[in-house]
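Student: One structure, as structure tokens, below. Some questions next.
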Amino acid sequence: MTQNTDKADIGVYGLGTMGSALALNFAEKGFNVAVSNREADWIDTFLGKAGPLADRLTGAADLADFVSSIARPRSILFMIPSGAPMDAMIAAITPHLDEGDTLIDGGNADFNATRTRSAAFEGTGFHFVGMGVSGGAEGARHGPSMMVGGTAHSWANLRPMVEAIAARHKGDPCVAHLGPDGAGHFVKTVHNGIEYADMQMIAEVYGLLRDGAGWDAPAIGTLFADWQDGPLSSYLIEVTAAALQSTDSQTGKPMVDVILDRAGQKGTGRWTLIEALKMGQSASTIEAAVGARGWSSEKDFRVMADPLLPAQTLNGDVPEATDLQHALLAGRILGHAQGFRILSAAAEEFDWPLDLARISEIWRAGCIIRSVLLDDFAEAYRGDLPGGYLILSPALRDMLDASLPGLRRTVAAGVTLGLPLPALSGALAWYDTIRRARGTANMIQAQRDFFGAHGFARTDADGQHHGDWLPLSNGSSG
Ligand code: 6PG
């Protein structure tokens, strides 16, 4: 903390749910916090509800007063909508800054925008940090996981404060400086992509039990609650179990049964995919999850299709609970492995020193995808990992070996029963692709060369080659 007790240690601009929670968290950890908000009346409302923590909070509606109430070099955290509002705030506040000050965007920003903003600050004496914050309102208030991208100067100022407010895993604060400019926001985006995949796989298993086995929501909730004691133990399984066991006070029905089957999304899952595809990567689990949310929104189409498109199901049963548990475990491992592949590709593409072991570690507590598996991933990355590929670690190979039969039986059941498992089957398809030294892309290359003379590499010689293709029956050769 600063020696200057008259000045705040940090500024928080934006007193919505997340900003308010973070400001209170900083204050609770002993920091003096200056707060401000576009709608000035929110400031007094916030201070009025802060209780004893109000002693460490100073409100200022005027931007110049807000900035001057913070000790230099300043760290000013913005918790406002990403995009244009952030650019407007940067323009408005910059004239009040001094050399060495840092602006921090704590929203779910597009890392490309963060890179542009960081580049614009270069040479100005000011610094820009993109910081991913995970854990929702509860996490922000009592311990989020934070992914920081920015300069070493900004990190040095920010570090004691964010380490104090972060979630802890066995004492280790779940926050790290991951690289320059957009590194933090990129890692947060991929975190969300993995979150989408995990949520989708859980929903798929729920669907098998509901529509394939006829279980009611509380029964499914009890099964998920049981799984919370095993290798699936995680925040999302815990949330799922509690959600399934919740009752709607208006109707007395299970809460999930009165919720319309149309998923929202703010874009981070989609961004993960877009960036993966740009780098020549893909992530079948995340792709399936984003796609499924899109299809879920086509409610009218689905309602029309329901009586018109028969399932043509085959004989089959929903597998036993252990298989479903194993399917989720294998799917979770493969979904994370795909996310980490995207992070590796980005580290190379943007020349970021992304430490995948550290990223696993800071995801072990505070964030939405926290789970006991993250500890295994951290250990795998800290150990001797063949080629740096997560699923080649001996420990994870053992886990996959034990859970793969369950994943196969679950995906097979979805196929025979006509119940969609896009993320689980995407995970399995990726596994079956990666584990084969010789795939089928030789056929793709043959077709490309046949119709477009695109050339191919031979298995027995260097360089580019063309095939000795038979002419088609109409005489054309492509
Ligand atoms: C987190 C979450 C959070 C995200 C929500 C909703 O890490 O705390 O990822 O940042 O906003 O999960 O995201 P969608 O609206 O896209 O589902």
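Student: Select from region 223-272 the residues that are among the polar types (S, T, N, Q) and within 16 Å of the ligand (Cβ to nearest atom) and list them in ascending order.
Tutor: Result: Ser234, Thr240, Gln265, Thr268, Thr272.
Student: Within region 150-168, does at least one residue satisfy the condition of being farther than 22 Å from Ala119 by Cα and either of a type in the set (Ser, Thr, Tyr) or at pLDDT below 95 (or both)?
Tutor: No, region 150-168 contains no residue that is farther than 22 Å from Ala119 by Cα and either of a type in the set (Ser, Thr, Tyr) or at pLDDT below 95 (or both).
Student: State the number of residues belonging to region 148-172 that are more than 16 Å from the ligand (Cβ to nearest atom), more than 22 Å from Leu236 (Cβ to Cβ) and not in a helix (DSSP H, G or I).
Tutor: Of the residues in that region, 3 qualify.
Student: When you scan region 205-219, do you find a residue that is within 16 Å of the ligand (Cβ to nearest atom) and of a type in the set (Val, Ile, Thr), even just one?
Tutor: Of region 205-219, the ones within 16 Å of the ligand (Cβ to nearest atom) are none.
Within region 205-219, none of the residues are within 16 Å of the ligand (Cβ to nearest atom) and of a type in the set (Val, Ile, Thr).
Student: Turning to a different aspect of this structure: When residues of region 4-32 are filtered for being crowded, with 24+ Cβ neighbours inside 10 Å, more than 20 Å from Gly136 (Cβ to Cβ) and among the β-branched types (Val, Ile, Thr), how many remain?
Tutor: Selection size over region 4-32: 1.
Student: Could you say whether any residue in region 60-75 is within 16 Å of the ligand (Cβ to nearest atom), farther than 19 Å from Val162 by Cα and at pLDDT 95 or above? Before you say what the answer is, go through the steps one by one.
Tutor: The initial filter retains those residues of region 60-75 that are within 16 Å of the ligand (Cβ to nearest atom), namely none.
No, region 60-75 contains no residue that is within 16 Å of the ligand (Cβ to nearest atom), farther than 19 Å from Val162 by Cα and at pLDDT 95 or above.
Student: Across region 125-135, which residue is farthest from the ligand (Cβ to nearest atom) among those that are buried (at least 16 other Cβ atoms within 10 Å of the Cβ) and among the small types (Gly, Ala, Ser)? If you could, list the steps in order and put the result at the bottom.
Tutor: Let us first name the residues in region 125-135 that are buried (at least 16 other Cβ atoms within 10 Å of the Cβ), namely 126-135.
Going one step further and asking which of them are among the small types (Gly, Ala, Ser), we end up with 130, 132, 134-135.
Working: Gly130: 14, Gly132: 8, Ser134: 3, Gly135: 5 Å.
Ranking the qualifying residues of region 125-135, first place goes to Gly130.
Student: In region 339-367, how many are of a type in the set (D, E, K, R), in a helix (DSSP H, G or I) and touching a helix residue (DSSP H, G or I) at 6+ places or on another chain (Cβ under 6 Å)?
Tutor: Taking region 339-367 first, the residues of a type in the set (D, E, K, R) are 341, 348-349, 351, 355, 358, 361, 364.
Okay, now just the ones that are also in a helix (DSSP H, G or I), so 341, 348-349, 358, 361.
Of the ones still in play, those that are also touching a helix residue (DSSP H, G or I) at 6+ places or on another chain (Cβ under 6 Å) are 361.
Number of matching residues: 1.
Student: Please enumerate the residues belonging to region 64-85 that are surrounded by fewer than 20 Cβ atoms within 10 Å (Cβ to Cβ) and among the hydrophobic types (A, V, I, L, M, F, W, C).
Tutor: Ala64, Ala84
Student: Any chance you could count how many residues in region 113-170 are touching an Asp or Glu at 6+ places or on another chain (Cβ under 6 Å) and among the charged types (D, E, K, R)?
Tutor: Residues in region 113-170 being touching an Asp or Glu at 6+ places or on another chain (Cβ under 6 Å) and among the charged types (D, E, K, R): 1 in total.
Student: Quick one: count up the residues across region 5-31 that are more than 17 Å from Thr102 (Cβ to Cβ) and outside any helix (DSSP H, G or I).
Tutor: 6
Student: Can you confirm whether region 195-202 contains a residue that is in contact (Cβ under 8 Å) with a residue 24 or more places away in the chain, more than 16 Å from the ligand (Cβ to nearest atom) and surrounded by 20 or more Cβ atoms within 10 Å (Cβ to Cβ)? Steps first, please.
Tutor: We begin by selecting, within region 195-202, every residue in contact (Cβ under 8 Å) with a residue 24 or more places away in the chain; these are 195-202.
The next check asks that each one be more than 16 Å from the ligand (Cβ to nearest atom); those that pass are none.
No: zero hits.
Student: Here is a follow-up. In contact with a Phe, Trp or Tyr (Cβ under 6 Å, 6 or more places away or on another chain) and either without any contact (Cβ under 8 Å) to a residue 12 or more places away in the chain or over 23 Å from Ala167 (Cβ atoms) (or both), is that true of Ser36? Step through it out loud before you land on a result.
Tutor: Working: in contact with a Phe, Trp or Tyr (Cβ under 6 Å, 6 or more places away or on another chain): yes; either without any contact (Cβ under 8 Å) to a residue 12 or more places away in the chain or over 23 Å from Ala167 (Cβ atoms) (or both): yes.
Taking the combined requirement at face value, the residue satisfies it.
Student: Only one residue in Asp98, Asp105 is in contact with a Phe, Trp or Tyr (Cβ under 7 Å, 6 or more places away or on another chain) and under 22 Å from Gly149 (Cα atoms), so which one is that?
Tutor: Values: Asp98 fails: in contact with a Phe, Trp or Tyr (Cβ under 7 Å, 6 or more places away or on another chain).
Sole residue among the options that is in contact with a Phe, Trp or Tyr (Cβ under 7 Å, 6 or more places away or on another chain) and under 22 Å from Gly149 (Cα atoms): Asp105.
Student: Here's another thing I want to ask about it. Hey, Gly331 hits all of (1) touching a residue at least 12 places away in the same chain (Cβ under 8 Å); (2) surrounded by fewer than 23 Cβ atoms within 10 Å (Cβ to Cβ); (3) within 16 Å of Gly207 (Cα to Cα) but one; which does it fall short on?
Tutor: (2)
Student: So, Phe26, is that one in contact with a Phe, Trp or Tyr (Cβ under 8 Å, 6 or more places away or on another chain) and aromatic (Phe, Trp, Tyr) or not? So that I can check it myself, show each step before the final result.
Tutor: Numbers: in contact with a Phe, Trp or Tyr (Cβ under 8 Å, 6 or more places away or on another chain): no; aromatic (Phe, Trp, Tyr): yes.
Against the criterion (in contact with a Phe, Trp or Tyr (Cβ under 8 Å, 6 or more places away or on another chain) and aromatic (Phe, Trp, Tyr)), Phe26 does not qualify.
Student: Return the residue satisfying two criteria in turn: it lies in region 274-284 and is of a type outside the set (D, E, K, R) and surrounded by 21 or more Cβ atoms within 10 Å (Cβ to Cβ), and of such residues it is farthest from the ligand (Cβ to nearest atom).
Tutor: Of region 274-284, the ones of a type outside the set (D, E, K, R) are 274, 276-277, 279-284.
Next, from what is left, pick out any that are surrounded by 21 or more Cβ atoms within 10 Å (Cβ to Cβ): 276, 283-284.
On the way: Ala276: 16, Ala283: 16, Ser284: 19 Å.
Among those that are of a type outside the set (D, E, K, R) and surrounded by 21 or more Cβ atoms within 10 Å (Cβ to Cβ), it is Ser284.
Student: Check region 69-88 and report whether any residue there is part of a strand (DSSP E or B), polar (S, T, N, Q) and under 20 Å from His153 (Cβ atoms).
Tutor: Step one: filter region 69-88 for residues part of a strand (DSSP E or B), giving 70, 75-78.
Still in the list and also polar (S, T, N, Q): 75.
Subset that is under 20 Å from His153 (Cβ atoms): 75.
The answer is yes, given that some residue of region 69-88 is part of a strand (DSSP E or B), polar (S, T, N, Q) and under 20 Å from His153 (Cβ atoms).
Student: Please verify whether region 95-102 includes one or more residues that are more than 15 Å from the ligand (Cβ to nearest atom) and part of a strand (DSSP E or B).
Tutor: Pass one, region 95-102, residues more than 15 Å from the ligand (Cβ to nearest atom): 95-102.
Next, from what is left, pick out any that are part of a strand (DSSP E or B): 102.
Scanning region 95-102, I find at least one residue that is more than 15 Å from the ligand (Cβ to nearest atom) and part of a strand (DSSP E or B), so the answer is yes.
The values are calculated or read from the model by the stated rules, or taken from the named source; none is laboratory data. Since the model is a prediction, treat every value here as computed from it, not as a measurement. Note: ideal-geometry Cβ built from the backbone for every residue, glycine included; neighbour counts use all protein chains shown.
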